[in-house]
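Please read the structure below before turning to the comments.
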Amino acid sequence: MKNITFSQATLEAMQEEMLRDESVFVMGEDIARQGGIFGQFKDLPQMVGADRVMDTPISETAIVGAAVGAALAGMRPVADMHFADFFGVCMDEVFNQMAKIRYMFGGQTKVPVVVRAPDGMAKGAAAQHSQSVESWFVHIPGIQVVAPSNPADAKGLLKSAIRSDNPVIYFENKTLFPLKGDVPEGECLTPIGKAAVCREGRDMTIISYSAQLLKCLEAAKLLADEGISAEVLDLRTLSPLDTDAILTSVVKTSRVMIVHEAVKQGGVGAEVAAIIAEEALDALDAPVARLGAPFTPVPFSPVLEDQYRVLPAQIVAAAKKLF
Amino acid sequence: MYSKDLLRSLYSGMVKIRRFEETIEKHFLAGEIPGFTHLYIGEEAVAVGVCHNLTPKDYIESTHRGHGHCIAKGAEIKPMMAEIFGRSTGVCRGKGGSMHIADFKVGMLGANGVVGGGYTLAVGAALAAKLRRTDQVAVVFFGDGASNRGTFHEAANMAAAWKLPALFVCENNEWASTTPYRTTTSVADIADRAAGYGMPGVKVDGNDVLAVYEAAGELVRRARKGEGPALLECKTYRVKGHFVGDPEKYRTREEVQKRFSESDPIKLFEERAVKEKWLGKAELDSVREGMAAEVVDALAFAKSSPYPDPQELFTDLYD
């Protein structure tokens with residue numbers, strides 16, 4: 001094991017996969033010279049060769065479209081979105097082109113593209129640089145969606161995404177980049193489509209993913225102090241959801257809460273809750289609880305931004321209502 | 001000056017497309033073809049002239065009016081016809097239809113149901129060629145209507161900034177759906193926009209297959225040598241409605257007939273071929289008969305093919 005940051009873990013994944021397979025390349029704004037605005041691409045050109053790490057024009061439509069076109073021509077591109085919010089600029093390329101091409105052309109081609117998308121609230125970045133937009137993509141057949149919460153999965157999921165022949169959107173919460181964690185030495189692949197129990201528990205299940213998962217782990221500790229044993233399930237992949245893991249934990253604990261940083265309305269939590277209602281209603285001893293952001297844009301002022309977050313104390317309070 | 005093989009090939013390409021499209025029109029109007037379909041009749045010289053400069057290893061991105069591009073790039077017409085009829089033997093196994101036809105075997109990376117959706121994909125294919133250091137080129141066809149999409153700007157800039165082997169081929173058929181392009185487009189010649197990207201912009205008579213062939217050839221050779229992208233505007237005319245069944249309330253039948261009688265690229269080629277003694281009348285007749293027979297076979301293949309198994313709904317989505 002080695003203890004490295006989330007950012008370093010993604011960089012290791014890029015380096016290893018680009019050295020392993022020369023059809024992998026990466027393009028995005030401010031990644032080659034600047035090393036990425038969060039430092040996540042630092043020195044990558046020196047590691048793998050400058051011609052495969054490209055600074056692009058500020059043209060998200062062309063970045064994603066060209067990634068798709070290069071994939072059709074046999075490459076395995078990684079496109080960096082700068083901020084997940086900018087998906088708004090290139091949604092046609094994401095959902096009409098990248099997601100549809102394999103299917104509507106009858107499987108003549110595959111579209112092995114990874115789109116990296118830093119998301120989430122950080123330092124008052126406000127409405128257009130702070131969003132968590134994963135639920136948009138969970139609704140689109142033809143793409144897969146992952147959202148690691150720790151350095152090991154950051155590396156393992158990115159490597160799996162690059163090797164996948166499916167288009168994968170890789171959400172990486174901006175607040176996670178500097179956080180350290182243990183990452184296995186040697187080959188590190190996290191399977192797409194598999195959730196992970198990151199804290200065992202008996203009395204209830206807290207389901208989350210990405211940075212919000214850390215708040216859930218804090219809440220689980222606080223709940224333990226109050227005698228409630230909470231299991232914490234990290235979804236890791238949001239499409240396809242690991243339905244088996246969700247149902248196994250819910251049947252075991254009979255109480256469940258889903259928590260995410262994204263807006264609650266229409267969020268991933270709604271889908272998870274619906275699956276539980278369809279498949280495991282009889283196992284429940286309490287209604288499914290959901291926590292997410294309020295139905296407003298992300299505000300600017302620190303006071304308002306704090307109000308927007310789902311903090312461990314709220315998770316604890318909501319959990320206690322299940323009993 | 002031109003070899004007989006080339007002249008015959010250009011002519012047979014245009015005739016094949018014309019027969020194919022006339023057949024589609026007839027059977028669409030008879031209610032045998034689902035969905036929407038957009039015909040390439042009258043614009044054949046563009047696809048045929050451009051694609052005669054390409055090899056199967058080169059790439060093209062096409063449009064919703066894509067049958068002509070597909071045929072010109074060398075796709076077999078039996079699986080194409082079957083696709084348009086929604087059959088399991090279709091080139092896309094019945095999942096795409098007319099607006100999403102593709103044939104990756106010949107580098108035809110797909111029609112696009114989104115107007116202006118192809119530019120960035122072609123730029124990506126051109127980028128792949130540059131990264132692999134091959135001499136492949138990527139051509140994107142688009143209409144005068146699509147020239148007003150913002151995607152053109154991002155793609156043209158990226159291609160020019162990176163000197164990619166891409167060719168932007170505008171088929172200016174004067175109609176953006178039901179709107180005359182001059183009422184919604186800032187310039188008369190879309191080729192003029194190339195200057196804004198520091199790349200050559202060339203306009204050519206898009207109804208003259210040899211002129212298109214020559215002009216595209218020059219720009220393709222340039223791109224192959226690593227000299228970067230270019231914009232070729234082919235001036236042509238959309239003879240049919242925007243889609244089959246379009247009531248065409250926006251123009252008169254007389255206007256269309258007059259224009260077509262002056263601009264039919266096949267008729268223009270036939271007249272010139274006979275006058276210049278390139279091909280005799282008998283040779284032209286023989287090409288027409290051969291192409292008609294091929295299309296009859298393709299139609300029979302399509303109509304006798306089964307529809308997809310309902311379980312096919314779930315295939316070709318993920319690994």
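Only four residue types carry charge here, +1 at the Cβ of Lys and Arg and -1 at the Cβ of Asp and Glu. Report the dipole size of segment A:179-283 about the Cα centre in Debye, rounded to the nearest 20.
Values: 10 positive and 17 negative charges, 44 e Å.
With only Lys, Arg, Asp and Glu charged at Cβ, the dipole is about 220 debye.
For Cα pairs less than 8 Å apart in space and 6+ apart in sequence, what is the mean separation divided by the residue count of chain A, i.e. the relative contact order in percent?
16
Based on DSSP, what percent of beta bridges with both residues in chain B are antiparallel, to the nearest 5? Intermediate results must be reported in sequence, preceding the final value.
Working: 3 of 24 bridges.
Around 10 percent antiparallel, to the nearest 5.
What angle, in degrees between 0 and 90 and rounded to the nearest 10, separates the Cα long axis of helix A:268-280 from the longest principal axis of the Cα atoms of chain A?
60
For segment A:2-183, what does the relative contact order come out to in percent, with C-alpha contacts under 8 Å and a separation of six or more?
Values: 376 pairs, mean separation 51.9, N = 182.
The value is 29 percent.
So, R0 is 22 Å and r is the distance between the beta-carbons of B:Glu271 and B:Glu218; what FRET efficiency does that work out to, to 0.05?
On the way: r = 25 Å, r/R0 = 1.15.
Efficiency at R0 = 22 Å is approximately 0.30.
Using Cα pairs under 8 angstrom and six or more residues apart, how large is the relative contact order of segment A:187-290, in percent?
Values: 185 pairs, mean separation 32.9, N = 104.
Answer for segment A:187-290 is 32 percent.
Just how far, in whole angstrom, is segment A:21-40 from segment B:212-235 if you go by their alpha carbon centroids?
Taking the Cα centre of segment A:21-40 as reference, the centre of segment B:212-235 is 32 Å away.
Label point 7 Å out from A:Leu222 along Cα-to-Cβ: which residues of segment A:297-323 have amide N under 12 Å?
A:310-320
If the label point is 7 Å along Cα→Cβ of B:Ala211, which residues in segment B:169-192 have backbone nitrogen under 15 Å from it?
The answer is B:170-174, B:189-191.
What does a probe at A:Glu185 reach in segment A:1-32, counting residues whose amide N is under 16 Å from the point 7 Å along Cα→Cβ?
Within reach of a label on A:Glu185, which here means backbone N under 16 Å from a point 7 Å along Cα→Cβ, segment A:1-32 contributes A:1-4.
Where nothing but the Cβ of Lys and Arg (+1) and of Asp and Glu (-1) is charged, how large is the charge dipole of chain A around its Cα centre, in debye to the nearest 20? Can you show the working numbers first?
Working: 29 positive and 40 negative charges, 42 e Å.
Computed charge dipole of chain A: roughly 200 debye.
If R0 is 41 Å, what FRET efficiency do you get for A:Gln34 and B:Ser9 from their C-beta distance, rounded to 0.05?
Details: r = 51 Å, r/R0 = 1.24.
After rounding to 0.05, the efficiency reads 0.20.
Would you work out which of B:Leu219, B:Ala155, A:Pro57 lies farthest towards the positive end of the dipole of the protein assembly as shown, given +1 charges on the beta-carbon of Lys and Arg and -1 on that of Asp and Glu, about the Cα centre?
Farthest towards the positive pole: B:Leu219.
What helices does chain B have that are whole DSSP H segments, at least 18 Å long along their own axis by Cα, and with mean Kyte-Doolittle hydropathy of 0.5 or more? Each step should come with its number before you reach the end.
Working: long enough: B:4-29 (37 Å, -0.40); B:119-132 (20 Å, 0.99); B:209-224 (22 Å, 0.33); B:281-304 (34 Å, 0.16).
Helices passing the filter in chain B: B:119-132.
Using the count of nearby Cβ atoms within 10 Å as a rough guide to exposure, how do B:Leu268, B:Leu210, B:Leu164 rank from fewest to most? Could you put the intermediate results ahead of the total?
On the way: B:Leu268 17, B:Leu210 20, B:Leu164 26.
Ascending Cβ contact count within 10 Å gives the list B:Leu268, B:Leu210, B:Leu164.
Using r as the Cβ-Cβ distance of A:Leu311 and B:Ser177, and R0 as 56 Å, what FRET efficiency do you calculate, to the nearest 0.05? Numbers along the way, then the final one.
On the way: r = 52 Å, r/R0 = 0.93.
Rounded to the nearest 0.05, the efficiency is 0.60.
Measure out, as a whole number of angstrom, how far apart the alpha-carbon centroids of segment B:91-127 and segment A:44-65 sit.
Going from one Cα centre to the other spans 24 Å.
Which order do B:Thr151, B:Thr179, A:Thr109 fall in if you start with the one that has the fewest other Cβ atoms within 10 Å?
Working: B:Thr151 25, B:Thr179 14, A:Thr109 19.
So the ranking, lowest neighbour count to highest, is B:Thr179, A:Thr109, B:Thr151.
Mean-square fluctuation check for chain A, GNM, Cα pairs under 10 Å: which of A:Val310, A:Val168, A:Val115 is largest?
Comparing A:Val310, A:Val168, A:Val115 in a Gaussian network model of chain A, the most mobile one is A:Val310.
Write down the percent of antiparallel bridges among all DSSP beta bridges whose residues are both part of segment A:2-183, to the nearest 5. Please list the in-between numbers first.
Details: 4 of 23 bridges.
Of all bridge pairs located within segment A:2-183, approximately 15 percent are antiparallel.
By how many degrees, 0 to 90 and rounded to 10, does the Cα axis of helix A:151-163 deviate from the longest principal axis of chain A?
Helix A:151-163 sits roughly 50 degrees off the main axis of chain A.
Please get the size of the charge dipole for segment A:1-136, origin at its Cα centre, with Cβ charges of +1 on Lys and Arg and -1 on Asp and Glu, quoted in debye to the nearest 20. Don't skip to the answer; put the middle values down first.
Details: 11 positive and 17 negative charges, 52 e Å.
Once rounded to the nearest 20, the dipole reads 260 debye.
Express in whole angstrom the spacing between the alpha-carbon centres of segment A:197-220 and segment B:261-309.
So the two Cα centres are separated by 68 Å.
Roughly what % of DSSP beta bridges within the protein assembly as shown run antiparallel, to the nearest 5? Before the final figure, lay out each step's value.
Values: 12 of 64 bridges.
For the protein assembly as shown, the DSSP antiparallel bridge percentage is about 20.
Rank the residues B:Thr183, A:Thr61, B:Thr55 as a footprinting-exposure proxy: fewest other Cβ atoms within 10 Å of their Cβ go first.
Numbers: B:Thr183 7, A:Thr61 24, B:Thr55 13.
The most exposed by this proxy come first: B:Thr183, B:Thr55, A:Thr61.
Relative to the longest principal axis of chain A, what angle (0 to 90°, nearest 10) does the C-alpha long axis of helix A:60-72 take?
Computed tilt is about 70 degrees.
If I model a spin label at B:Arg132 and A:Arg20 as a point 7 Å from the Cα along the Cα→Cβ vector, what separation in nanometres do I get?
It works out to 2.2 nm between the two label points.
Straight-line reach from A:Lys100: which lysines have a Cα under 20 Å away, not including same-chain ones fewer than 8 places off?
By straight Cα distance, A:Lys100 reaches A:Lys110, B:Lys95, B:Lys105.
Read the figures in this text as sums done on the coordinates, not as results from a lab. Because the structure is predicted, anything quoted here is derived from the model rather than measured. Reconstructed Cβ throughout: ideal geometry from the backbone, glycine too, with neighbour counts over all protein chains shown.
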